[in-house]
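Right, one structure below, let's go through it.
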Amino acid sequence: MTFNNKNFAPISGGESEGVPKIWGYISATDAIATVAASAYFNDYATQLRIGDVIYIVATDEIWFYSVTAVTPNVTVAAITAPA
């Protein structure tokens, strides 16, 4: 499906350099694999920073992802719990 900007918002934020911002995104139509795909969050490429965290609620899973790149496309990677 497609990104819905009405379902994306900052939860808490670091406005200082080096402090990640935490975002939230809820999708009532997309599975986690679709939401976590490269370029899904491109509408916010200018606001997202590498290291920011996105709390994603998808139709099949809830997980935290870290922003790993913002150009040429926004990419994210799942954050795993420490061993």
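Bear in mind that the values in this text are calculations on the coordinates, not laboratory data. Because the structure is a prediction, the values reported are computed rather than measured. So basically every Cβ, Gly included, is an ideal-geometry build from the backbone, and we count neighbours across all protein chains shown.
For this structure, a couple of remarks:
- Note on W63/N42: beta-carbon distance plugged into 1/(1 + (r/R0)^6) with R0 of 22 Å gives a FRET efficiency of 0.65.
- Shape category assigned to region 5-78 from the gyration tensor of Cα positions, a/c cut at 1.5: prolate
- With both labels modelled 7 Å from their Cα along Cα-to-Cβ, the A28 to E15 distance reads 3.3 nm.
- Size of electric dipole in region 5-78: Cβ of Lys, Arg +1 and of Asp, Glu -1, about Cα centre, debye, nearest 20: 80 debye
- Fraction of antiparallel bridges per DSSP, the chain only, in percent to nearest 5: 70 percent
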